[in-house]
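All remarks here apply to the structure that follows.
Derivation of every value follows stated rules applied to the coordinates shown; laboratory data play no part. Since this is a predicted model, take the numbers as computed values, not measurements. Ideal geometry is used to build each Cβ from the backbone, glycine not excepted, and the neighbour counts take in all protein chains shown.
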Amino acid sequence: MIVSASYRTDIPAFYGSWFARRLAAGYAMVANPYGGPPYRVGLTPETASGFVFWTRNAGPFLPQFEAVRALGLPFMVQFTLTAYPRGLEASVPPAATAIGQIQALARRYGPRAVVWRYDPVLLGSETDAAFHRAGFARLAAALSGAVDEVCISFAQIYAKTRRNLERAAQRHGFAWRDPALEEKRRLRAELEAIANAHGMRLSVCAQADIGGRGAVCVDAGRLSDVAGHRVGGRRKGNRPDCLCVESRDIGAYDTCPHGCVYCYAVTSRHRAQARFKAHDPASEFLLTPAPAGR
């Protein structure tokens, strides 16, 4: 089974000590976010076929990458870099830092080990189409040769996302909008042309209606290339249009304190910061479940 770590939170940026302990123990416990009992995820070569790490800051996690490699397990990194204004993403590393990290990971583990995520694409007064074309082109030029794929999607406006965006817009004085489908398709095509010019394939995460090639974020084929042998997996996405293969995620929602106001995984930054402060690196769980009845 492929282990996802984690599309629910940024384990490499914030929970490296916990992951190191769980890797040494050979398993992690996960509080089921959809109800039901907690579940156990094996992290040994006998139980895990590889890892997909999701992050905006890989710097704190370099020893853990080496520990996974020492076990003979392949991994890939889904690395998000958007370079948006601070009103949208309060505390992610500067673009230059993230670019350096991606380049270093590619040198160490090869370009197949890293996928750049320009995700989500958010349209607004400070991030209009011209902003995206110019910013994406600068990032693509800097990452040319370090990655062979860039994954995009347009922001999904859930109720919690809308609340967080509206609060941030009032606080920082910007406007945002959910563009029409044809506008999304047009911008996707423009970004795809830029990506291709820099030797990258552009893929689209779980949004088939905007066209382009569908993304496989949990990608057994890419892990196979990294490993040098076949990594199996059956296709079993998490939502409509998702092309990922089956995986087990070991993260928890509402635990990432980066402060990205468009994030689908955080109800409020205050809640995420409180949970981060309460985190116990020695626990079997990244987020210890509340006792029954509470």
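If the only charges are +1 at each Lys and Arg Cβ and -1 at each Asp and Glu Cβ, what is the size of the charge dipole of the chain around the Cα centre, to the nearest 20 debye? Spell out each step's value before the answer.
Working: 37 positive and 24 negative charges, 82 e Å.
Here the chain has a charge dipole of around 400 debye.
For every other residue with a beta carbon closer than 14 angstrom to the beta carbon of residue 64, add +1 if it is Lys or Arg and -1 if Asp or Glu, then tell me the sum. Provide the component values of the computation, followed by the final result.
Numbers: positive: 21, 22, 69, 108; negative: 10, 66.
It works out to a net charge of +2.
Return the percentage of antiparallel bridges among DSSP beta bridges fully within the chain, rounded to the nearest 5 %.
Numbers: 8 of 36 bridges.
If I count the DSSP bridges inside the chain, around 20 percent turn out antiparallel.
Between residue 129 and residue 241, what FRET efficiency follows from the Cβ-Cβ distance if R0 is 25 Å, with the result rounded to 0.05? Provide the component values of the computation, followed by the final result.
Details: r = 23 Å, r/R0 = 0.93.
So, using R0 = 25 Å, E works out to roughly 0.60.
Within the P(r) computed for segment 195-294, what percentage of the Cα pairs occupies the region above 20 Å? Display every interim value, and only then the final one.
On the way: 2988 of 4950 pairs.
Across segment 195-294, Cα pairs with separations above 20 Å total 60 percent.
Show which aspartates and glutamates lie in cross-link reach of residue 160 when reach means a straight Cα distance below 12 angstrom and same-chain residues fewer than eight apart are skipped.
Straight-distance partners of residue 160: 254.
If eta is 1.002 mPa s and T is 20 °C, what Stokes-Einstein diffusion coefficient results for segment 68-159, Kirkwood Rh from Cα pairs, in µm²/s? Mind showing how you got there, number by number?
Working: Rh = 14.2 Å.
Answer, rounded: 151 µm²/s.
If you average 1/r across every pair of different Cα atoms in segment 245-294 and take the reciprocal, what Kirkwood value do you get, in Å?
Details: mean 1/r = 0.0824 Å⁻¹.
It is 12.1 Å.
Simple spin-label model, 7 Å along Cα-to-Cβ: residue 183 to residue 208 in nm?
2.6
Taking residue 236 as the anchor, which aspartates and glutamates have their alpha carbon closer than 12 Å to its alpha carbon, excluding any fewer than eight residues away along the same chain?
Qualifying aspartates and glutamates at Cα under 12 Å: 219, 246.
What nm distance separates the two modelled labels at residue 104 and residue 273, each placed 7 Å from Cα along Cα→Cβ?
Those two pseudo-labels are separated by 2.7 nm.
Just the Kirkwood number for the chain, please: inverse of mean 1/r across all distinct Cα pairs, in Å, one decimal. Before the final figure, lay out the partial values.
Values: mean 1/r = 0.0513 Å⁻¹.
After inverting the pairwise mean of 1/r, the radius is 19.5 Å.
With r as the distance between the Cβ atoms of residue 288 and residue 47 and R0 = 25 Å, compute the FRET efficiency 1/(1 + (r/R0)^6) and round to 0.05. Mind dumping the intermediate values first?
Working: r = 22 Å, r/R0 = 0.89.
E(calc), rounded to 0.05, equals 0.65.
Give the separation of the Cα centroids, segment 233-294 to segment 67-121, in Å.
Value for the Cα centre distance between the two parts: 19 Å.
For the pair residue 175 and residue 31, how long in nm is the line joining their label points, each one 7 Å along Cα→Cβ?
According to this spin-label approximation, the distance is 4.0 nm.
What net charge do the residues around residue 251 carry, taking every other residue with its C-beta under 10 Å from that of residue 251, with Lys and Arg at +1 and Asp and Glu at -1?
Values: positive: 8; negative: 10, 249.
Net of charged neighbours comes to -1.
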